[in-house]
Amino acid sequence: NAGVTQTPKFRVLKTGQSMTLLCAQDMNHEYMYWYRQDPGMGLRLIHYSVGEGTTAKGEVPDGYNVSRLKKQNFLLGLESAAPSQTSVYFCASSSRGSGGRSYNEQFFGPGTRLTVL
Amino acid sequence: RKEVEQDPGPFNVPEGATVAFNCTYSNSASQSFFWYRQDCRKEPKLLMSVYSSGNEDGRFTAQLNRASQYISLLIRDSKLSDSATYLCVVTLPHLNRDDKIIFGKGTRLHILP
């Protein structure tokens, strides 16, 4: 049981290049999330998904696209990378809330450190 | 006022001491509360949920004060391994939408030998 995995772990891009970050979870969770974490800014939600085939915008969605074609995978795409997208990207997953609770524990992947030159 | 605020620290505390820090939230409709722990260059992990009546897990005690809109985390008999950043998480219910999950920026704790 690997939990949440992210690939790649590190990446350096030049401005204008594109790339896709892959997140995979083996816990059969319905919800998946992409966050970025910058010094002094905390975790900020980029996009999230409440189920296969559905995605929604978070707090900072501009410059990113996502897809959830399979329940276990959540992809984050950067079409034209900019230096402002230099950050650590975390994927997370959680099960649907139950027992009157709307939020269940989020399990995070180890992160992807992206540098855009 | 920011939705969730934490003192960034760092809190430098000698081993064995008791340390406490708070997290304030601005929206009285906030529903659920949690503390996550994040080690340096690692991912956040859930430390504990915060219940209305307060709850304890070993050396850790979490409390919720709805009247003053803050949650607290108390660590007793601190260990070197407690050195980390502690993130508070607050959820806000949204009508006809998914709950909003808000992370604080974290409080850094350094336990000194």
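If you average the sequence gap of Cα pairs under 8 Å that are 6 or more apart and divide by the length of chain A, what percent do you get for the contact order?
Details: 304 pairs, mean separation 40.4, N = 117.
It comes to 35 percent, rounded to a whole number.
Past the 18 Å Cα-Cα mark, which pairs from B:2/B:100; A:9/B:105; A:70/B:42? Show your work: numbers first, answer last.
Numbers: B:2/B:100 14 Å; A:9/B:105 23 Å; A:70/B:42 26 Å.
In this structure, A:9/B:105; A:70/B:42 lie more than 18 Å apart at Cα.
Loop-only trypsin sites (Lys or Arg not before Pro) in region A:1-37, please: DSSP not H, G, I, E or B, and at most 13 other Cβ atoms within 10 Å.
Numbers: sites: A:9, A:11, A:14, A:36; in loops: A:9, A:14.
Sparse-neighbourhood loop trypsin sites (Lys or Arg not before Pro): A:9, A:14.
Just to confirm the filter: which trypsin sites (Lys or Arg not before Pro) across region B:1-107 are DSSP coil and have at most 16 other Cβ within 10 angstrom of their Cβ?
On the way: sites: B:1, B:2, B:37, B:41, B:42, B:45, B:59, B:66, B:76, B:79, B:97, B:100, B:105; in loops: B:1, B:2, B:41, B:42, B:59, B:66, B:76, B:79, B:105.
Here the sparse-neighbourhood loop sites are B:1, B:2, B:41, B:42, B:59, B:66, B:76, B:79.
With charges only on Cβ, +1 for K and R and -1 for D and E, what is the dipole size of the protein assembly as shown about its Cα centre, in debye, rounded to 20? Don't skip to the end; give the middle numbers.
Working: 26 positive and 20 negative charges, 72 e Å.
So the magnitude is around 340 debye.
Computed from the coordinates by the stated procedures, all read-outs in this text should not be read as laboratory data. Computed from a predicted structure; not experimentally measured. Ideal geometry is used to build each Cβ from the backbone, glycine not excepted, and the neighbour counts take in all protein chains shown.
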